[in-house]
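Following: one structure in structure tokens, then a few remarks.
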Amino acid sequence: MSNQKTRPERAASIRFAVIGAGGMGAVHAASIATFADAAVTWVADVDDARSSRLATQVGARATTSMEEAVGAGDVDAVVIALPTSLHRLATELAAAHGKHVFCEKPVARTPDDAQAMIDACTRAGVRLMIGHVVRFFDEYATIKRLLDAGTIGQPGMVRASRLNAPVMARSAWFADLERNGGIVCDLMIHELDTLRWYFGAVERVFAHGLTYTPYQPTRDYAMASLRFRNGATALVETSWAHTGFRTAIELSGQYGIIRHASDTAATLTVERTAAEGGIPAVVRQRPLGESPYQRELRHFIDRVRTDTPFLTSGDEGKAAVALACAILESMRTGRPTHPEPVVTPVHR
Ligand SMILES: NC(=O)c1ccc[n+]([C@@H]2O[C@H](COP(=O)([O-])OP(=O)(O)OC[C@H]3O[C@@H](n4cnc5c(N)ncnc54)[C@H](O)[C@@H]3O)[C@@H](O)[C@H]2O)c1
């Protein structure tokens with residue numbers, strides 16, 4: 001009898017192409033580089049200097065052509081970190097090459113584009129996950145568990161905010177409302193997805209803001225009230241007119257209140273007077289343990305390997321975009337809107 005120990009099987013490394021080497025591309029490439037069972041093999045960005053710099057940092061090859069990176073033989077999955085208007089194109093390209101897709105939020109500018117992406121991935125037999133990272137923050141995930149456990153009973157009222165500096169000062173595409181959906185599709189979508197996760201479908205919204213005013217190209221702000229089918233109401237505030245970045249949420253129910261505020265929960269504050277090629281920034285972090293960005297990619301890798309449902313599927317991303325579009329419509333017309341019926345998520 002052999003006394004040799006059988007080594008546990010090591011899963012083959014998942015090889016990623018990171019498409020877009022701007023802010024989020026850099027975050028995702030750095031996260032993947034910390035995993036023992038994954039690697040970035042390609043980085044693509046139309047800006048040659050950006051793709052080369054990031055590729056060097058993570059030991060990957062650089063290209064200015066997303067087609068070259070997505071089609072490369074040593075790529076199993078792609079991370080799409082491009083301006084929103086390009087998410088559909090890049091996803092369809094990846095699906096056509098048989099590559100799994102992790103796509104940044106919002107999934108797309110419109111629910112129709114989102115559906116086309118879902119269909120392309122389904123047809124190709126590849127997986128599609130949307131980077132709704134807030135669900136991977138400890139605080140927001142814990143709130144979900146507390147709500148599901150009935151800790152504050154029936155939730156009645158929520159106030160949630162996400163306030164940032166004018167991001168269009170660092171990347172002009174954020175100001176292109178028509179193609180990318182402005183602050184509601186880009187920033188408020190975090191609260192929209194999270195609150196849908198907590199409470200389900202939204203039956204009525206009413207919104208105000210700067211989005212359809214002359215301020216919009218340089219500053220944006222939106223405030224929306226939402227009534228959920230389960231009876232809960234929420235007031236959501238989002239800004240690209242502040243300094244720094246902070247989020248907060250307060251939920252009150254029959255038996256009590258749950259509160260979180262990022263500026264009191266952070267253990268580390270980094271204040272940059274001027275970021276390279278961008279705007280001054282105040283970033284509050286909790287650097288201990290895995291970051292939510294590492295956690296969401298870990299989720300992607302594990303669920304691809306085991307062929308099990310994603311927490312943030314294409315359908316979930318589409319529902320959040322449909323809600324964002326209803327809020328934009330309310331802001332544009334000055335009238336309440338009733339979001340399109342929310343499709344029951346199928347978790348693929
Ligand atoms: N989850 C989050 O916390 C979070 C935060 C910020 C942004 N985002 C999302 O991530 C996505 C990217 O945002 P960002 O802040 O990284 O933007 P960014 O402007 O910093 O980076 C986008 C990059 O895409 C490149 N690019 C543009 N067209 C291209 C093309 N045709 N081929 C290859 N590269 C191209 C640009 O040169 C740029 O480097 C957006 O969908 C945004 O909504 C998510």
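Laboratory data are not the source of any read-out in this text; all were calculated from the coordinates shown. Quick caveat, the model's predicted, so the values are computed rather than measured. FYI the Cβ positions are ideal-geometry reconstructions off the backbone, even for glycines, and counts take in every protein chain you see.
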- Task: Pull out the extension gain between ALA33 and LEU268, defined as 0.36 nm times the separation in residues minus the alpha carbon to alpha carbon distance; nm, one decimal.
- Result: 82.3 nm
- Query: Taking a quarter of the surface of the convex hull around the Cα atoms of the chain, what do you get in nm²?
  - Reply: 20.0 nm²
- HN-Hα couplings for the range 71-86 via Karplus (6.51, -1.76, 1.60; θ = phi - 60°), in whole Hz with x for Gly/Pro, come out as x, 5, x, 9, 10, 9, 8, 10, 9, 9, 10, 9, x, 3, 4, 9
- Task: Give me the distance in nm between label points sitting 7 Å out from Cα along the Cα-to-Cβ direction at GLN254 and THR213, one decimal.
- Result: 4.1 nm
- With each pseudo-label sitting 7 Å past Cα toward Cβ, what's the THR308-ALA241 distance in nm, one decimal? 4.5 nm
- Expressed as cubic angstrom per residue, what is the convex hull volume of the alpha carbon set of the range 14-132? 85 Å³
- Taking the Cα atoms of the range 155-208 alone, what are Rg (to one decimal) and Dmax (as a whole number) in Å? 13.2, 39
- Query: Between the range 20-34 and the range 118-193, how many Å separate their Cα centres?
  - Reply: 19 Å
- Query: Where does helix 48-58 land angle-wise versus the long Cα axis of the chain, in degrees 0 to 90, nearest 10?
  - Reply: 70 degrees
- Note on the structure: So the number of lysine pairs in the chain with alpha-carbon atoms under 28 angstrom apart, 8 or more residues apart or on different chains, is 4
- If you wrap the range 192-241's Cα atoms in a convex hull and average its projection over all directions, what's the area in nm²? 3.6 nm²
- Item | Under the Karplus curve 6.51 cos²θ - 1.76 cosθ + 1.60, θ = phi - 60°, whole-Hz ³J(HN,Hα) for the range 172-177, x wherever Gly or Pro sits | 4, 4, 4, 7, 7, 4
- Item | Under 5 Å, built H, 5+ apart or other chain: amide partners of LYS105 | GLY131
- Semi-axes of the equivalent ellipsoid of the range 85-201: what are they in whole Å, largest first, if each equals the square root of 5 times a C-alpha gyration tensor eigenvalue? 28, 21, 12
- Message: Could you work out [θ]222 nm for the chain from helices alone, using -39500 (n - 2.57) per DSSP H run of at least four and dividing by all its residues? Round to the nearest 500 deg cm²/dmol.
- Response: -10000 deg cm²/dmol
